[in-house]
Amino acid sequence: MNSKDIEEVEDFLENMAVEIEPYMNLFSGTSPAVLESDKPLSVFSITSFFPKIESLRAGIFEVAKLEEYYSLNVLFRAIIEHFIKFQYMLMRSSNQSDDEIGIDYWVFGQDREIIDFAKSVRHAYRVLGIEGKYDVNEILKKQGIISEEKSASRIRKKSEQFQFNNMVRYISTQLEIEKSRNAQFLLMFFPKYSELSSCVHGGPESASAYETGPERTEEAIRMSTFSSLMTRHYTFMTLYQYDKRFENLCKISKSYLERYCGA
């Protein structure tokens, strides 16, 4: 796939952006209907993924045009993980009547990141021969991160569901149940994640990144575009459940998703 081919896909996405532009005022603030819903954190968490995925998609396009294949592989793997996490949370939220998945992701997820950071700081001090004056666990308890309601073990258990293999296992089960027409395309993401891991971690297989560059570019452009279009559409669909003003955005995004997938 050359620069001209990539620019054609960019033009396709730009045409959609032009159609969406008149409705951008809907994003000027969080809808009161969402804040007052039964799943405010779930909706917020799910809809937060589109700008991140679109940013990665744009990055993939830029490095692809530069033929910078190593960076392309790293970004490709990142967008796969973002997209799978988006799909997982969307499916979990659809199957739940409460805000549990949003709380697990946003509240317990942030707690897990704080605990991991605290542990890394403590380890760094020990390596440098510096004994910490304060006990990390005691500090976390005083901050309310570790408490009777949120023990370290419960935080770990809640956050482990977002490990890639656990999300894949859940999504695979749901796809079998729903018989989604996008299931086959979605299933292609799973092995790619592992295949691309060597570039992220600087493994020996990453040396072949430039040899497979042109072939990988076509895959990355195709799958990142699909990720962006699908995430956009289901973000609008999620918001439409609470705010009917998103109806036209749902129709526009569905049209472009179907056109891209050849439906």
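The values are calculated or read from the model by the stated rules, or taken from the named source; none is laboratory data. Everything numeric here is computed off the predicted structure, so don't read it as measured data. Here Cβ is always computed from backbone atoms with ideal geometry, including for glycine, and neighbour counts include all displayed protein chains.
For region 240-258, the candidate set comprises residues that are within 19 Å of Arg57 (Cα to Cα) and in contact with a helix residue (DSSP H, G or I) (Cβ under 8 Å, 6 or more places away or on another chain); within that set, the residue that is surrounded by the fewest Cβ atoms within 10 Å (Cβ to Cβ) is Lys254. Kindly indicate whether Tyr70 is in contact (Cβ under 8 Å) with a residue 60 or more places away in the chain, within 19 Å of Leu56 (Cα to Cα), surrounded by fewer than 19 Cβ atoms within 10 Å (Cβ to Cβ) and not hydrophobic (A, V, I, L, M, F, W, C). For Tyr70, the condition - in contact (Cβ under 8 Å) with a residue 60 or more places away in the chain, within 19 Å of Leu56 (Cα to Cα), surrounded by fewer than 19 Cβ atoms within 10 Å (Cβ to Cβ) and not hydrophobic (A, V, I, L, M, F, W, C) - is met. Remark: pairs (first residue in region 249-263, among the small types (Gly, Ala, Ser); second residue crowded, with 17+ Cβ neighbours inside 10 Å; Cβ separation under 6 Å; 6+ apart in sequence or on different chains) = Ser253/Arg232; Ser253/His233; Ser253/Phe236. Scanning region 206-225 for residues that are without any contact (Cβ under 8 Å) to a residue 24 or more places away in the chain and surrounded by 13 or more Cβ atoms within 10 Å (Cβ to Cβ) yields a total of 2.
The residue of region 48-88 that is modelled with the highest pLDDT, among those that are of a type in the set (Ser, Thr, Tyr) and within 10 Å of the chain's Cα centre (by Cα), is Tyr88. Contact map, region 9-27: first residue farther than 14 Å from Glu247 by Cα, second residue part of a helix (DSSP H, G or I), Cβ cut-off under 7 Å, separation 6 or more or different chains; pairs are Val9/Ile221; Val9/Thr225; Glu10/Phe61; Met16/Ile252; Met16/Tyr256.
Matching residues to (1) modelled with pLDDT under 85; (2) farther than 30 Å from Gly262 by Cβ; (3) out of contact with any helix residue (DSSP H, G or I) (no Cβ under 8 Å at 6 or more places or on another chain):
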position	(1), (2), (3)
Leu90	no, no, no
Asp104	no, yes, no
Asp116	yes, yes, yes
Arg126	yes, yes, yes
Tyr134	yes, yes, yes
Asn165	no, yes, yes
Ile171	no, no, no
Phe185	yes, no, no
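When the residues of region 112-133 are filtered to those that are within 25 Å of the chain's Cα centre (by Cα) and β-branched (Val, Ile, Thr), which remaining residue is farthest from Ser151 (Cα to Cα)? So, considering only residues that are within 25 Å of the chain's Cα centre (by Cα) and β-branched (Val, Ile, Thr), the one farthest from Ser151 (Cα to Cα) is Ile114. Can you work out which of the residues in region 150-177 that are part of a helix (DSSP H, G or I) and hydroxyl-bearing (Ser, Thr, Tyr) is nearest to Gly102 (Cα to Cα)? Per the criteria, the residue is Ser159.
Here's the yes/no breakdown for (1) closer than 30 Å to Glu138 by Cα; (2) without any contact (Cβ under 8 Å) to a residue 12 or more places away in the chain:
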| residue | (1), (2) |
| --- | --- |
| Glu36 | no, yes |
| Lys39 | no, no |
| Ile60 | no, no |
| Val63 | no, no |
| Ile80 | no, no |
| Lys85 | no, no |
| Arg92 | no, no |
| Asp116 | yes, yes |
| Lys119 | yes, no |
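Screening the candidates Lys85, Lys65, Lys52 for the property of being closer than 16 Å to Phe236 by Cα and basic (Lys, Arg) yields one hit, Lys52. Being in contact with a Phe, Trp or Tyr (Cβ under 6 Å, 6 or more places away or on another chain) and within 28 Å of Glu176 (Cα to Cα) holds for only one residue in Ser253, Ser228, Ser224, and it is Ser253. Region 1-47 holds helices (runs of 4 or more DSSP H) entirely within its bounds, and those carrying 1 or more residues that are among the polar types (S, T, N, Q) and surrounded by 15 or more Cβ atoms within 10 Å (Cβ to Cβ) map to 40-47. Considering each residue of region 227-239 in turn, at least one proves to be crowded, with 17+ Cβ neighbours inside 10 Å and free of Cβ contacts under 8 Å to residues at least 24 places away in the same chain. In region 195-224, the residue that is modelled with the highest pLDDT out of those that are acidic (Asp, Glu) and under 19 Å from the mean Cα position of the chain (by Cα) is Glu219. Restricting to region 61-78, name every residue that is among the basic types (Lys, Arg) and farther than 16 Å from Val9 by Cβ. Hit for region 61-78 is Arg77, nothing else.
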